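Each remark here refers to the structure printed beneath this line.
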Amino acid sequence: MRIAFLHNALGKTDGVSLEVDKWREVLRRRGHEVFYIAGNERDDILCIPELSFYHPQTKKEIENATVALRDYKDGKELLEDINKSADIIKTQLFNIINENKIELIIPNNLMSVGYHIAALKAIYEFIEKTGIKTICHNHDFYFEDSGEVEPTCKEIEEILERMAPPDLPNVKNIVINEIAKDALLAKKNICAKVVPNVFDFDMKAWTEDEYNQGFLEDFGIAKNDIVFLQATRVMDRKAIELAIDLIGELNKNKEKFIGKCLYNGKKTDNRSNIILLCAGIVENFGISSSYVDNLKKKALDCNVDIRFIGDRVSHSRGMRDGRKVYSIWDSYVYADFVTYPSIWEGFGNQLIEAVFAKLPIVAFEYPVYVSDLKGKGFDIVSLGDTYKKNNDLVYIDRSILKCACSRVMELLTDKELTVKAVESNYNIAKENFSFKALEGILKGLGL
């Protein structure tokens, strides 16, 4: 079949983009021809600029529809602009689908998360009118507890209620966790199939090579510094402030492990710094617009060395403005520990990536981790499953933080303990979340 994936942006390092790439690989192996339709420009993307969250008009509509109604006198006036944008998207989508003889479309999150109301409306109306076969890959829903979408008026609420996701005869809805499946059935009486996120466990392990050997130097990191990698996007629900709290606590206890040989052979001394390396892109819209500034302030207050390198890390290697751009995989090669403090995730791509990289992990037990992953038996350093909020940032109980700090120090310096944990995690993930597992599921969907 000729199949097209739809998203606001593809070929990026966010979880949805990476998951689409995995589906594309498996579908190609099965003989399908795959196309990308998105709002960002790239050689392999059929671009509809208005799909991008960063398109000026789209960004304005997102802010007013899901955060606060500031630029319009009421919901009716906002809806007029949304309808105009939807018509533009729908026309371009119709032309692309016809020109490329697309037989099946797979919108990713555009039909469920509820950010981009114009895209939701355009694609819904296109699906309804044309009857094209559709699989809505719903990673997140607007009605879940992530707190990212707060409809600002009844017009937006009505669109979300009717269209997100579509309940049409030519549409199959899939979700990525059991919580979402139950919530969708309870709220909208829509049955969905659970398809977990996966990873290619047959790929070559990420290692130091000629291209990435300058990674540490490029970001001012010494070879004996200890690197905690935050590979996610930088946005509020990732709760990166918990990683700052953890490293702040580690800094208070440096004398207990600095000067020792780490589990991976790295030798530290009194000049070694602990660095929180944020390799993902910074989201600067909606409720996350001031988040990075809040993180920088907190890091300064906690005496934590935090580095934001997302402008030099991308989906794949290349050059930008005369400087080397590294792939997200390169960042794992030079990490000693992975932080995953998210309070809400649809699944947990970067957690599985860390497992593949055979790195120890410290994570908050977000709801989907508890429902879909914890029972598999993963060995992580836990930040608990309960948090509180203060001044737009979250925090956890001090006793849990100190306990996590002790466990991290233990893993950093005990090779036998760490190797046992990472090997066990790897085997669990390979069995449950591999391309082979996805291929079996796609067969069941008729692909």
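The values are calculated or read from the model by the stated rules, or taken from the named source; none is laboratory data. Nothing here was measured: the structure is a model prediction, and the numbers come from that model. Counting neighbours? That spans all protein chains shown, and the Cβs are built from the backbone with ideal geometry, glycine included. Calculation scope for accessible area: heavy atoms of the full protein, side chains included, ligands and nucleic acids excluded. Shrake-Rupley method; radii C 1.70, N 1.55, O 1.52, S 1.80 Å.
Numbers at a glance
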| read-out | value |
| --- | --- |
| 3J(HN,Hα) from dihedral phi, the stretch 314-321, Karplus parametrisation 6.51/-1.76/1.60, rounded to Hz, x for glycine, proline | 9, 4, 8, 5, x, 10, 9, 6 |
| Carbon plus sulfur fraction of accessible area for the stretch 2-195, probe 1.4 Å, in percent | 47 percent |
| Options 328, 265, 39, ranked by Cα towards positive dipole end of the chain, top entry (Cβ charges) | 265 |
| For the chain, accessible area per residue (1.4 Å probe, heavy atoms of protein chains only), Å² | 42 Å² |
| Net dipole in debye of the chain [+1 Lys, Arg Cβ; -1 Asp, Glu Cβ; about Cα centre; nearest 20] | 740 debye |
| Derived scalar couplings ³J(HN,Hα) [the stretch 22-37; Karplus, 6.51 cos²θ - 1.76 cosθ + 1.60; whole Hz; x for Gly, Pro] | 5, 4, 4, 4, 5, 5, 5, 4, 8, x, 7, 9, 10, 10, 10, 10 |
| The stretch 297-428: translational diffusion in µm²/s, Stokes-Einstein, Kirkwood Rh over Cα pairs, 10 °C, 1.306 mPa s | 97 µm²/s |
| Stretch gain in nm, segment residue 305-residue 282, where the contour uses 0.36 nm per residue and the Cα spacing is subtracted | 6.5 nm |
| Share, in percent, of DSSP beta bridges within the chain that are antiparallel, nearest 5 | 15 percent |
| Amide H contacts under 5 Å for residue 35, placed H, 5+ residues apart | 3, 4, 5 |
| Cut-off under 5 Å, modelled amide H: who pairs with residue 194 long-range | 175 |
| Exposed-loop-free span, longest in the chain, where GluC sites (Glu not before Pro) count as exposed if DSSP calls them loop and at most 14 other C-beta atoms lie within 10 Å | 211-447 |
| Between helix 291-301 and the chain: long-axis angle, C-alpha atoms, 0 to 90°, nearest 10 | 10 degrees |
| Loop-exposed trypsin sites (Lys or Arg not before Pro) per DSSP, neighbour cap 15 Cβ within 10 angstrom, longest uninterrupted part of the chain | 318-447 |
| Taking only Cα atoms of the stretch 210-308, radius of gyration then Dmax in Å | 14.5, 44 |
| Cα-Cα pairs of the stretch 1-136 separated by more than 18 Å (percent) | 53 percent |
| Cα long-axis angle, helix 154-163 against the chain (0 to 90 degrees, to the nearest 10) | 90 degrees |
| Highest-fluctuation residue, 405, 261, 278 considered, GNM on the chain with Cα pairs under 10 Å | 261 |
